[in-house]
1. Looking at the stretch 108-134, which of the residues that are buried (at least 21 other Cβ atoms within 10 Å of the Cβ) and out of contact with any strand residue (DSSP E or B) (no Cβ under 7 Å at 6 or more places or on another chain) is farthest from Ile34 (Cα to Cα)?
2. Out of Ile102, Ile123, I need the residue that is of a type in the set (A, V, I, L, M) and either within 19 Å of Leu74 (Cα to Cα) or in contact (Cβ under 8 Å) with a residue 24 or more places away in the chain (or both). Which one?
3. Please state which one of Val65, Val146, Val110 is β-branched (Val, Ile, Thr) and within 20 Å of Ile16 (Cα to Cα).
Amino acid sequence: MKYVKALAGVFILVLIDRLTKSLAVTHLMGQEPIPIIKGVFELQYLENRGMAFGLFQEQRIFFVVTTILILGALGFCYYLIPDTKKYIPLKIVGVFIYAGAIGNFIDRMVNGFVVDFFYFKLINFPIFNMADIYVTGSGFVLFILVLFYYKGENDFNFLNFKKKNSEA
């Protein structure tokens with residue numbers, strides 16, 4: 001019962017990712033980009049066979065193995081997080097990162113590529129999708145949490161990162 005909310009959250013977020021990618025395939029594939037804010041932001045279909053910024057093109061085995069390892073590590077870390085109010089933000093971040101990893105993993109397994117469709121034309125930012133937003137947005141929030149909220153000496157003792165006693 002402890003993980004039902006987390007699994008439900010992952011399921012809903014993956015469903016949103018899958019739905020938006022399906023809409024992109026249906027309405028954007030083979031079409032001209034659709035400007036949302038002219039010259040700034042548009043919807044543009046792209047089949048990404050690599051990762052961020054087009055790195056590791058056509059390395060499907062690498063992505064499968066890496067994603068499985070990351071999902072295992074994330075699941076284990078989530079298991080270690082105490083069930084207290086203080087760690088709810090950390091658990092939410094974990095759910096978003098897990099859902100993002102699964103969303104793009106499904107694409108790679110089913111299609112051999114990830115469907116991307118959000119494009120900030122003004123700054124020529126790489127085209128991305130909802131799963132990418134989950135991962136990068138959560139990574140940013142995690143950074144802020146660690147920097148400003150979980151800054152106490154004992155905040156991460158649950159991971160067994162304890163200070164060594166310097167006395168002999």
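1. Ranking the candidates gives Tyr134 first.
2. Working: Ile123 fails: either within 19 Å of Leu74 (Cα to Cα) or in contact (Cβ under 8 Å) with a residue 24 or more places away in the chain (or both).
Testing whether each residue is of a type in the set (A, V, I, L, M) and either within 19 Å of Leu74 (Cα to Cα) or in contact (Cβ under 8 Å) with a residue 24 or more places away in the chain (or both) leaves just Ile102.
3. Sole residue among the options that is β-branched (Val, Ile, Thr) and within 20 Å of Ile16 (Cα to Cα): Val110.
Results for (1) modelled with pLDDT of 95 or more; (2) over 30 Å from Gly75 (Cβ atoms); (3) assigned to a loop (DSSP other than H, G, I, E, B), shown as yes or no for each residue.
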{"position": "Lys2", "(1), (2), (3)": "no, no, yes"}
{"position": "Phe11", "(1), (2), (3)": "yes, no, no"}
{"position": "Ile16", "(1), (2), (3)": "yes, no, no"}
{"position": "Ser22", "(1), (2), (3)": "yes, no, no"}
{"position": "Val25", "(1), (2), (3)": "yes, no, no"}
{"position": "Gln31", "(1), (2), (3)": "yes, yes, yes"}
{"position": "Ile36", "(1), (2), (3)": "yes, yes, no"}
{"position": "Glu42", "(1), (2), (3)": "yes, yes, no"}
{"position": "Gln57", "(1), (2), (3)": "no, no, yes"}
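The values are calculated or read from the model by the stated rules, or taken from the named source; none is laboratory data. All values derive from a computational prediction rather than experimental measurement. We place every Cβ from the backbone using ideal geometry, glycine too, and count neighbours over all the protein chains shown.
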